[in-house]
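Colleague: I'd like to ask you about the structure that follows.
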Amino acid sequence: MASCFRSLKAVLIDLSGTLHVENDVIPGSIEALNRLRKSGLALRFVTNTTKESRSFLLSRLSSLGFDIKAEEVFTSLLAARSLVESLKVRPYLFLEDEALEDFQGIETDNPNAVVVGLAPSMFEYNHMNRAFRLLQDGAHLIAIHKSKYYRTKEGLSLGPGPFVEGLEFASGQKARIVGKPAPDFFSTALSDVGVKPEEAVMVGDDVLLDVGGALDAGLQGILVKTGKYREGDEGKLKQVLNTSFVVSDFAAAVDFILKELGTQK
Amino acid sequence: MLPNYTVNIMAWLRSPIKGVMLDISGVLKNGNVAIPGSIEAVQRLRKCGLKLRFVTNETQLSRHDLTEKLRRIGFQLHENEVFPPAPAMVETLKGLRLNPMLLVHPKVLIDFKDVDQSNPNCVVVGDAAEHFTYERMNSAFRLLMELKNPKLFTLGRGRYYLEEDGLCLDVGCFTTALEFATGLKAEVVGKPSSSFFATPLKDMGLDSSEVVMIGDDIESDVGGAQKCGMRGVLVRTGKFRPERDENHPNVKPDAVVNDLAQGVELILSSESFKSLIKHE
Ligand SMILES: [Mg+2]
Ligand SMILES: [Mg+2]
């Protein structure tokens, strides 16, 4: 049988819902990650976090028992920071304190850009109006991602997406989305290891952000049935996903990748 | 280009005008300040016997308080000439036997005093301004996600309006946010909804072709009025922005005038209006 992968050189891996759910490791993930490392494939961890800085993520992952280095982690927060730096703009930041660490050293006086992450304490009229007036004056609108809502202990809660959408409506300006599923997000993570999209596969639990986004960016995508996965999610894709690319969990994804890698050689 | 433009300017004055609907914010006043010439312009319309109604998406004040506020600024008008969304919303809720969760400004609550708000089975969003908090948005969102037949109403869908200190976000921003989160489409009670314009039209006893609507919102005022057969005139006051509003992709005003005073002057000096007066 021919390999499903033309010439695989890198694996992008989602964190929450794929390796762990909050403070619980998804069974088998730690060992599977170690096996994957031995294969020599380049690994990058790509996540749409907007509340947690990279150092916060790393300390949680290591306390759970994962062996992951700082330079391997790509977050949408850091992607927003690099966009802010490359545009040379001064952002008005919709971010909670935990996340501000990743923006240390960025000039924020007299803002000429609006960066929206998950910031419940700022999603109220006065901050929204301030952002709107900046947009009227020509500021860029940057969304860390556009998730509609997320799950908390108290139930569903509004994510940044609705507030980004509201600002887009009022200002007539389309936001630039930096996290998954933006193709740039995947390609930046890959260019860091010198790998082309067609030489990489993304593993994640979010069918649209992880798998759909990866396919749009020219990667392959493997959907794991953990985390936020719900039965039939693969049917939401506009692209066709071979059933062998839908697996029970991260350990099964690694088995699949390693088996295909064997047939590739 | 110029001759064509002149023809267009005249076209809206050719058929008889028997009534005028006026938007309030951005046409009569900005914030608490009358727009120069507008107090006199309203008086001139009254003297000439034209029927007059004030049709607004204002939901930061009750109908009564809004009327009082305009009187204090210097306008002469009666509460029953003012048509804001809240009373229309109350009628809709009663007709459908719905209990709302009200995401509105506290000052407009009095208009909803006879509405049962226990066990809510729909959400009504108004211009709550600084009362838009994450907690209130989230409660509305959770209710809409829990309901078997969720219904979302919005008192207008404006993008922004002008206050004394600058442009301010209007209800549309927050309604759009809830629509995006829930996947629902909100029903608009207010301009530009045709059924909202129908009430003041009926009250005037005029056909829509006999009425001109004057406003500073190209979509809610001009677009909405044109959709139900009125002429829609845009003023260059309030939130008006030439680069955006004079080349709107979907709405072409019947006329663009500098302000209400100029619009009224044009109406009263038009041949069709003068001949109407003569005949009566
Ligand atoms: Mg995930
Ligand atoms: Mg107005």
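The values are calculated or read from the model by the stated rules, or taken from the named source; none is laboratory data. For clarity, every value in this text was computed on a predicted model and none was experimentally measured. Note: ideal-geometry Cβ built from the backbone for every residue, glycine included; neighbour counts use all protein chains shown. Quick note on the areas: whole protein, heavy atoms, side chains included, nothing else; ligands and nucleic acids left out. Shrake-Rupley method; radii C 1.70, N 1.55, O 1.52, S 1.80 Å.
Colleague: Examine segment A:143-157 for a residue that is more than 7 Å from every other protein chain (Cβ to nearest Cβ), surrounded by fewer than 24 Cβ atoms within 10 Å (Cβ to Cβ) and among the β-branched types (Val, Ile, Thr), and state whether such a residue exists.
Modeller: Initially, segment A:143-157 is screened for residues more than 7 Å from every other protein chain (Cβ to nearest Cβ), giving A:143-147, A:150-154.
Imposing the further condition that a residue be surrounded by fewer than 24 Cβ atoms within 10 Å (Cβ to Cβ) reduces the set to A:146-147, A:150-154.
Filter once more, so that each one left must be among the β-branched types (Val, Ile, Thr): A:152.
Scanning segment A:143-157, I find at least one residue that is more than 7 Å from every other protein chain (Cβ to nearest Cβ), surrounded by fewer than 24 Cβ atoms within 10 Å (Cβ to Cβ) and among the β-branched types (Val, Ile, Thr), so the answer is yes.
Colleague: So, in segment A:125-141, how many residues would count as being crowded, with 19+ Cβ neighbours inside 10 Å, within 11 Å of chain B (Cβ to nearest Cβ) and in a loop (DSSP other than H, G, I, E, B)?
Modeller: The qualifying residues number 0.
Colleague: What pairs can you find where one residue is in segment B:217-244 and within 14 Å of chain A (Cβ to nearest Cβ), the other is among the β-branched types (Val, Ile, Thr) and in a loop (DSSP other than H, G, I, E, B), and their Cβ atoms are less than 7 Å apart, with a gap of 6+ or different chains?
Modeller: Between residues of segment B:217-244 that are within 14 Å of chain A (Cβ to nearest Cβ) and residues that are among the β-branched types (Val, Ile, Thr) and in a loop (DSSP other than H, G, I, E, B), the close pairs are B:Ile218/B:Val251; B:Glu219/B:Val251.
Colleague: Kindly indicate whether B:Lys185 is open to solvent by 40 Å² or more (accessible area, probe 1.4 Å), under 23 Å from B:Pro249 (Cα atoms) and modelled with pLDDT of 95 or more.
Modeller: Here the answer is yes, as B:Lys185 does meet what is asked.
Colleague: Take segment B:156-171 and flag every residue that is open to solvent by less than 10 Å² (accessible area, probe 1.4 Å), under 13 Å from the mean Cα position of the chain (by Cα) and within 12 Å of chain A (Cβ to nearest Cβ).
Modeller: B:Gly158, B:Val171
Colleague: With respect to B:Thr175, determine if the residue is part of a helix (DSSP H, G or I) and touching a Lys or Arg at 6+ places or on another chain (Cβ under 8 Å).
Modeller: Yes; evaluated as a whole, the condition is true for this residue.
Colleague: Specify which of the listed residues (A:Gly166, A:Gly179) is open to solvent by less than 10 Å² (accessible area, probe 1.4 Å), out of contact with any strand residue (DSSP E or B) (no Cβ under 7 Å at 6 or more places or on another chain) and under 25 Å from A:Ala214 (Cβ atoms).
Modeller: That would be A:Gly179, the only listed residue that is open to solvent by less than 10 Å² (accessible area, probe 1.4 Å), out of contact with any strand residue (DSSP E or B) (no Cβ under 7 Å at 6 or more places or on another chain) and under 25 Å from A:Ala214 (Cβ atoms).
Colleague: Is it the case that A:Asp206 is touching a helix residue (DSSP H, G or I) at 6+ places or on another chain (Cβ under 9 Å), open to solvent by 30 Å² or more (accessible area, probe 1.4 Å) and not small (Gly, Ala, Ser)?
Modeller: no
Colleague: For segment A:160-219, name all the residues that are small (Gly, Ala, Ser) and in a loop (DSSP other than H, G, I, E, B).
Modeller: Residues satisfying the conditions are A:Gly172, A:Ala175, A:Gly179, A:Ala182, A:Gly194, A:Ala217, A:Gly218.
Yes or no, residue by residue, for (1) closer than 20 Å to A:Asp192 by Cα; (2) not assigned by TED's automatic domain parsing to the domain that holds A:Leu135:
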| residue | (1), (2) |
| --- | --- |
| A:Phe56 | no, yes |
| A:Leu64 | no, yes |
| A:Glu71 | yes, yes |
| A:Phe74 | yes, yes |
| A:Leu78 | yes, yes |
| A:Arg81 | yes, yes |
| A:Pro91 | no, no |
| A:Phe94 | no, no |
| A:Asp97 | no, no |
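Colleague: For segment B:181-229, what are the residues that are part of a helix (DSSP H, G or I) and in contact with a Leu (Cβ under 8 Å, 6 or more places away or on another chain)? Break it down into steps so the answer makes sense when it comes.
Modeller: Pass one, segment B:181-229, residues part of a helix (DSSP H, G or I): B:181-182, B:194-204, B:208-210, B:218-227.
If the condition is that a residue be part of a helix (DSSP H, G or I) and in contact with a Leu (Cβ under 8 Å, 6 or more places away or on another chain), then B:Ala181, B:Thr182, B:Ser208, B:Ile218, B:Asp221, B:Val222 are the ones that fit.
Colleague: For segment B:106-126, which positions are open to solvent by less than 10 Å² (accessible area, probe 1.4 Å) and either within 14 Å of chain A (Cβ to nearest Cβ) or within 20 Å of the chain's Cα centre (by Cα) (or both)?
Modeller: Those that are open to solvent by less than 10 Å² (accessible area, probe 1.4 Å) and either within 14 Å of chain A (Cβ to nearest Cβ) or within 20 Å of the chain's Cα centre (by Cα) (or both): B:Val108, B:Phe112, B:Val123, B:Val124, B:Val125, B:Gly126.
Colleague: Which one is nearest to B:Ile17 (Cα to Cα) among residues in segment B:230-258 that are of a type outside the set (S, T, N, Q), open to solvent by 40 Å² or more (accessible area, probe 1.4 Å) and assigned to a loop (DSSP other than H, G, I, E, B)?
Modeller: Top of the filtered list is B:Asp254.
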